[in-house]
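Here is the structure we will look at, set down as structure tokens.
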Amino acid sequence: MILYIHGFRSSSLSAKAQETKHWLAAQGRAQEWICPDLPLYPLEAMQMLENIVQASQEPPRLIGSSLGGFYATVLVARYGLKAVVVNPAVHPGLVLRPAVGLMTSFYGDEQYSFTEQHLQELHALDLPAPLHPDNILFLQERGDEVLDWQAGLAYYRDCHQLVFAGGDHGFTRYRAVLHLIDHFLND
């Protein structure tokens, strides 16, 4: 199973989630894709992800984007899974401080109240460094306009890394690296 973990305010309808779904289907592996629509609230999102991991017959392989990369890193630490993190959020309790307030999902009209308590939940999940760094492939585009790519490079320094010039937070080369992602997760 490939568990795709979307980012903050995103959903299973995100471009990378859908690209992963279509790529797996083209490989005759559509049944491997799972991408739950995560709650905005960190502890609820982690509980949902942990329930999926614990219910899986085989260890899922993870792809996490942005905040989903953070959640994937936490799951690697807790369960020893393999993960590819794409333009991941590093220390999101700090990064998302400006997001406190009323939020609307990128893929619907649903509104949420993101609070200081939710930032504290992110701080509680945060790790000083990734555990099992050999199980993580860090993919980053330096043109990421949302997150500091250098913070990611430093945080994931002991992990496998592939950093590209240019691009953006959506990771413009995603389709081009799907085969590499799959190879890493299945190696």
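Listed conditions (1) loosely packed, with under 14 Cβ neighbours inside 10 Å; (2) touching a strand residue (DSSP E or B) at 6+ places or on another chain (Cβ under 9 Å); (3) over 25 Å from L43 (Cα atoms) are all met by E145, apart from (2).
For segment 7-28, which positions are touching a strand residue (DSSP E or B) at 6+ places or on another chain (Cβ under 8 Å) and under 16 Å from I181 (Cα atoms)?
Once the filter is applied, which keeps residues that are touching a strand residue (DSSP E or B) at 6+ places or on another chain (Cβ under 8 Å) and under 16 Å from I181 (Cα atoms), segment 7-28 yields K16, A17, T20, K21, L24, A25.
As a summary of the residue check, F171 satisfies the conditions (1) outside any loop (DSSP other than H, G, I, E, B); (2) in contact with a Leu (Cβ under 8 Å, 6 or more places away or on another chain) except for the one numbered (1). The criterion of being closer than 26 Å to Y79 by Cα, among the charged types (D, E, K, R) and without any contact (Cβ under 8 Å) to a residue 40 or more places away in the chain does not hold for R173. In the set A17, A45, only one residue is touching a Cys at 6+ places or on another chain (Cβ under 6 Å) and surrounded by 17 or more Cβ atoms within 10 Å (Cβ to Cβ); that residue is A17. Among the residues of segment 137-146, are any basic (K, R), assigned to a helix (DSSP H, G or I) and more than 19 Å from V76 (Cβ to Cβ)? Within segment 137-146, not a single residue is basic (K, R), assigned to a helix (DSSP H, G or I) and more than 19 Å from V76 (Cβ to Cβ). Residues in segment 125-141 that are touching an Asp or Glu at 6+ places or on another chain (Cβ under 8 Å) and either touching a residue at least 60 places away in the same chain (Cβ under 8 Å) or farther than 15 Å from H91 by Cα (or both): P133, E141. Determine whether A129 is surrounded by fewer than 18 Cβ atoms within 10 Å (Cβ to Cβ), among the aliphatic types (A, V, I, L, M) and under 29 Å from A26 (Cβ atoms). When the stated conditions are applied, A129 does not pass them. Residues in segment 76-123 that are farther than 21 Å from A154 by Cβ and in contact (Cβ under 8 Å) with a residue 60 or more places away in the chain: K82, A99, M103, T104, S105, F106, Y107, G108, Y112, F114, H118, E121.
For V100, the conditions (1) farther than 28 Å from L178 by Cα; (2) β-branched (V, I, T); (3) under 17 Å from the mean Cα position of the chain (by Cα) are fulfilled apart from (3).
Among the candidates P92, P128, P59, P88, the residue that is closer than 20 Å to N186 by Cα and of a type outside the set (S, T, N, Q) is uniquely P59.
Highlighted here are the strands (runs of 3 or more DSSP E) found entirely within segment 1-109 that include at least 1 residues which are at pLDDT 95 or above: 2-5, 61-65, 83-86.
The values are calculated or read from the model by the stated rules, or taken from the named source; none is laboratory data. Predicted model, so just to flag it, every value in this text is computed and none were measured. Ideal geometry is used to build each Cβ from the backbone, glycine not excepted, and the neighbour counts take in all protein chains shown.
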